[in-house]
Amino acid sequence: MTPDDPDLAARAALARARDAARAKGLRTARPGTRPGRTLRRHDGVAFEAAPGHGTGRDPAPVGNALETLATQLGWKQPLSVGGVIGRWREVVGDQIADHCTPETFAEGVLVVRADSTAWATQIRLLAPQLDRRLAEEVGEGVVTSIQVLGPGGPTWRKGPRVAPGGRGPRDTYG
């Protein structure tokens, strides 16, 4: 190699630029050269590069990006339970879905309401099979118990106050 070699001159210029950058405390490697690396945007927000997308600037499928976000924020279980509630008919079958609807899910307890007391009893008897089916869909231990409610009756309460010792609607008809 001669001192007039253009490749040698370019390498020397690059080495000088890297040294100057290091002296200023700047990074000299391209961001994202290692997989699973934490990256920062220009506004300082940190995020993980998507798996298989090392720089964080490469396009990634929306599904992968949302899955990564849900994992980072701890939304995996609530999203899976929400998916089951949204697909209730597919999960439990047409016959049960015609007579039973999910109401709430909180702290591992799934509350479902049946449209008659007979169906509420039937769902209570089917709870072990329903629990197994839910474990297949959302994972073991996410749904810890199933609470079955019967149909709700009419309420006679018209305000926040209740008379102590009252016997309910019987008192109205004297």
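Things worth noting here:
The rows are residues; the columns are (1) at pLDDT 80 or above; (2) within 20 Å of P128 (Cβ to Cβ); (3) touching a helix residue (DSSP H, G or I) at 6+ places or on another chain (Cβ under 6 Å).
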| site | (1), (2), (3) |
| --- | --- |
| L66 | no, no, no |
| W75 | no, no, no |
| S80 | no, no, yes |
| D98 | yes, no, no |
| F105 | yes, yes, yes |
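- Any hit, the range 121-128, residues being over 20 Å from G152 (Cα atoms), surrounded by 11 or more Cβ atoms within 10 Å (Cβ to Cβ) and under 21 Å from the mean Cα position of the chain (by Cα): no
For (1) without any contact (Cβ under 8 Å) to a residue 24 or more places away in the chain; (2) touching an Asp or Glu at 6+ places or on another chain (Cβ under 9 Å); (3) among the aromatic types (F, W, Y), each residue gets a yes or a no:
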position	(1), (2), (3)
V84	no, yes, no
W88	yes, no, yes
V92	no, no, no
Q95	yes, no, no
D131	yes, no, no
G139	no, no, no
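The values are calculated or read from the model by the stated rules, or taken from the named source; none is laboratory data. The shown structure was predicted, so the numbers you read here are calculated from the model rather than taken from an experiment. All Cβ positions, glycine included, derive from the backbone under ideal geometry; neighbour counts span all protein chains shown.
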